[in-house]
Amino acid sequence: MKDVIKYSLHDYIRSHKYFPPISTFFVLILVFYTYKPNPIVDSYAITALFLFVISAWLCLSVLSLDSPVQRQLMILHLGSSYRYYSAKLLTVMLIAVLLTVFAFLYPIIFNMFPDSVSLAVGFISFVNHLLLAALGICVASFFSKVMMESAINAYGGLVLTIILSIAALGIENVLPASFKYTVWLLPPATITQRPLIQWEEESLSSISYLPFLWIVIYTVIILLLFLIMANRRR
Amino acid sequence: MNQLAELKNINKKYGKKKVLHDVSLTIKEKQVIAILGENGSGKSTFLRIAAGIERPDSGQVLYAPKNLRTGYVPERFPKYLRFTPDEYLHYIGKINGISEIILKQRIPLLLRRFQLDKWSNRRINELSKGNIQKVGIIQAILQQPELLILDEPLSGLDLSAQQELLSIISELKEQKTTILLTYHESSMFEGIVDQTYYIKDGCLAEEMITEKQDMKLIEIKGLIDIDVEEWKEILYSEKREDKLLLYVSSDDSNQILTRVLTAGGSIESVNSTDFNN
C-alpha cells in the first residue's frame, strides 16, 4: 500500500491537478484571516469546514488519476481492490493532513488571534480539522469516477451533498418534527460547530464529544460502504 | 499436468447484451491457450474475468494456488501515464512486492530486450503506440507470472518486438508459466499454442484445428450463411462483401465443394490456409 501511496502522490504532483484545490484552500485561509477579529475556536471551526470541502475536491481529483485499465492493473498487482482504494484515500488524507497543519499554524505564526492558543483548544481544533477532512474524503469517494462515469453527475452530486451537509442545521430547523431525523443521513459536517462555539475553552472535559464520535462513526460507515461497492463494481 | 485455474459456468452481460453464456474452461499448468473470435465476441471480457479483474454476473473463477501470480497485458495499455518506463516499472514491481535488487536487474534487462532502453527516460505519454504496448507487456512479465494473460499482444508491435515477445513467451512456457492469449492478426503464435478455443455468440467452443490440421479456405458466391449453417463440416464461415468464406478441414473440402455446387453456389477459390489468419 505504501508504494501505491508513493505512486499516487508522485503522479498527482506531475498531473498538476492538485493546484486548483490546494491554491483555493490557501486563498480561502489567507482571505479569511485578513478580517478581524478572529476568535480562536470559531475561526478554526470555519477553516475546518473549508477543509471539508477542499478534501472532497482533492479526493475527486486523486481518484480520477488512474484510467480504468490502469486501475485494473494496479488492483491485479496489489492483489486487492480494498488495499488499492484504501491507499488512494490515504493519499488524499496525507495531503489533507498537510493542509490541516497549514490551517492550524498559519494564524498562530502570523499572530492572527487575539490570544495564544491553549493546548486544549489546539488539540480539539486540530482533531476537528482531521475529522472533517476524513469525512469530506469519504463523502467524495462516492461521487468519484470509480462510482460515477458522468463528470456532471459526480461534481453536481457532490456539490449538492456538500451544500446540504453545510446547511444541515438550517434544514433541521425548517423541517417538520417528524422529518427532522432525516438530517442525520446528511454528512455531519456542521455537527461540531455548535459545541465548539459554545465551548468555554477551559478544559477538554467541558466539551461534548458525541458530535465528534458521530463524525467518526459516519465516516467509517461510508468508507466501508465505498470499499465494498467499489470492489463489486469490477 | 496439474490444474491451475478453472472458470465455471461464467455468464456476463453488458446492459442487455449477453457477452458470455455459461462458459467453462479448465486451465492446466504449462499450457498455452488461444482464445479466438470476431471483434466484439467477448474475448477480452473472458480474459479479464480469467485474470480476476472483472467479475462475472454468475459463475466462478477458481485458482489452484489461492494467490496465483497473474500477469495481464490489456488490449489497450494506458497511454497517458506520466512516468518514464523505468519509473513506472519500478513502481509496479514494488507494488507487486518484488525486491529492489531484483528490479534493478530485471527492468533494464527487459527494457533492452524490447529495445526500450533508449526511451527509458521519456515519459510513457510521449512514446509511440508500439513502445507503450511494450511497457504493457513488460509490466505483466516483470514478476514471472504463473498465469500470463495477453489480450491482442501483437497490436502495434514492430516485427522485432513481435519476435522478442514470441521468444519470451516460449521461455515463460519452459519455466512452467501458463499462457492465455487472444489474437487475430497473426499466426505467429501457432507454433506454441497447445489448445485453441473459439468464442462465438457468447459460447466457448474447443477449436478442432490446433493439431496442425490442414485447412482449406473456400471462397464461394451465390449462397448466404443461412444456406450453409446446417453443414457441420464447416468449422467457421465469414461473410465478406458478396462472398462467403468457408473454413473446412482438408478432409472435408471435396464434400463441401460438391455441396456448394449442388446448392447452386459457385466456387471462387480454394486455398490451403491457416485458420488463425
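Read-outs throughout are calculated quantities, based only on the coordinates presented, and are distinct from any laboratory measurement. All of these numbers come straight from a predicted model, not from anything done at the bench. Here Cβ is always computed from backbone atoms with ideal geometry, including for glycine, and neighbour counts include all displayed protein chains.
The table for this structure:
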{"read-out": "Anisotropy class of region A:76-234 from Cα gyration tensor, a/c 1.5 cut", "value": "oblate"}
{"read-out": "For chain B: relative contact order, % (alpha-carbon pairs under 8 angstrom, 6 or more apart)", "value": "21 percent"}
{"read-out": "Residue pairs, from the table B:LYS79/B:LYS118; B:LYS43/B:LYS94; B:LYS43/B:LYS216; B:LYS8/B:LYS200, whose Cα atoms sit over 22 Å apart", "value": "B:LYS43/B:LYS94; B:LYS43/B:LYS216"}
{"read-out": "Local electrostatic count at A:GLU172 - Lys and Arg +1, Asp and Glu -1, tallied over other residues with Cβ under 15 Å", "value": "+2"}
{"read-out": "DSSP-defined beta bridges in chain B - what % are antiparallel, rounded to 5", "value": "70 percent"}
{"read-out": "Computed E for B:ASP194/B:TYR80 - FRET, C-beta separation, R0 41 angstrom, nearest 0.05", "value": "0.65"}
{"read-out": "Region B:1-87 shape via C-alpha gyration tensor axes, a/c threshold 1.5", "value": "oblate"}
{"read-out": "Under 5 Å, built H, 5+ apart or other chain: amide partners of B:GLU268", "value": "B:GLU219, B:ILE220, B:LYS221"}
{"read-out": "Aspartates and glutamates with Cα under 15 Å of B:LYS232, excluding same-chain neighbours fewer than 8 positions away", "value": "B:GLU206, B:GLU207, B:ASP251, B:ASP252"}
{"read-out": "Anchor B:LYS16: aspartates and glutamates whose Cα lies under 19 Å away (excluding residues fewer than 8 positions away in-chain)", "value": "A:GLU149, B:GLU54, B:ASP57, B:ASP201"}
{"read-out": "Under 20 Å from A:LYS2, Cα to Cα: aspartates and glutamates that are on another chain or at least 8 residues apart", "value": "A:ASP11, A:ASP66, B:ASP86, B:GLU87, B:GLU100"}
{"read-out": "Percentage relative contact order, region A:1-91, counting C-alpha pairs under 8 Å, at least six apart", "value": "55 percent"}
{"read-out": "Where labels lie 7 Å past Cα in the beta-carbon direction, separation of B:GLU268 and B:GLN105 in nm", "value": "5.6 nm"}
{"read-out": "Summed residue charge, Cβ within 13 Å of B:ILE149's Cβ, Lys/Arg positive, Asp/Glu negative", "value": "-2"}
{"read-out": "Per-residue [θ]222 nm for the protein assembly as shown (sum of -39500 (n - 2.57) over DSSP H runs n ≥ 4, rounded to 500)", "value": "-16000 deg cm²/dmol"}
{"read-out": "Relative contact order of chain A, defined on C-alpha pairs under 8 angstrom at six or more residues apart (%)", "value": "26 percent"}
{"read-out": "Computed Kirkwood radius, in angstrom, where 1/r is averaged over Cα pairs of chain B", "value": "20.4 Å"}
{"read-out": "Sorted by Cβ neighbour density within 10 Å, fewest at the top, the residues A:MET74, A:MET148", "value": "A:MET148, A:MET74"}
{"read-out": "Cβ-based exposure ranking for B:ARG106, A:ARG234, in which fewest neighbours within 10 Å come first", "value": "A:ARG234, B:ARG106"}
{"read-out": "Cβ-defined net charge surrounding A:SER64, 9 Å radius [Lys, Arg +1; Asp, Glu -1]", "value": "+1"}
{"read-out": "For B:ASP225, B:ASP117, order by how many other beta-carbon atoms lie within 10 Å, fewest first", "value": "B:ASP225, B:ASP117"}
{"read-out": "Translational D in µm²/s for region A:106-146 (Stokes-Einstein at 37 °C, 0.692 mPa s, Kirkwood Rh from C-alpha pairs)", "value": "267 µm²/s"}
{"read-out": "Filtered chymotrypsin sites (Phe, Trp or Tyr not before Pro), region A:66-161: DSSP coil and at most 15 other beta carbons within 10 Å", "value": "A:PHE110"}
{"read-out": "Charged-residue dipole, Cβ positions (Lys, Arg, Asp, Glu), region A:66-204 about Cα centre, Debye nearest 20", "value": "560 debye"}
{"read-out": "Whether the protein assembly as shown is rounded, prolate or oblate, judged on the alpha carbon gyration tensor where a/c under 1.5 counts as rounded", "value": "prolate"}
{"read-out": "Given charges at beta-carbon only (K, R positive; D, E negative), |dipole| of region B:90-182 in Debye", "value": "320 debye"}
{"read-out": "Distant-in-sequence amide H partners of B:MET215 (H built 1.01 Å from N, under 5 Å)", "value": "B:SER250, B:THR273"}
{"read-out": "DSSP bridge pairs, the protein assembly as shown: antiparallel proportion in percent, nearest 5", "value": "70 percent"}
{"read-out": "Estimated D of region A:31-107 in µm² per second, where Rh is the Kirkwood radius over Cα pairs and Stokes-Einstein applies at 25 °C, 0.890 mPa s", "value": "170 µm²/s"}
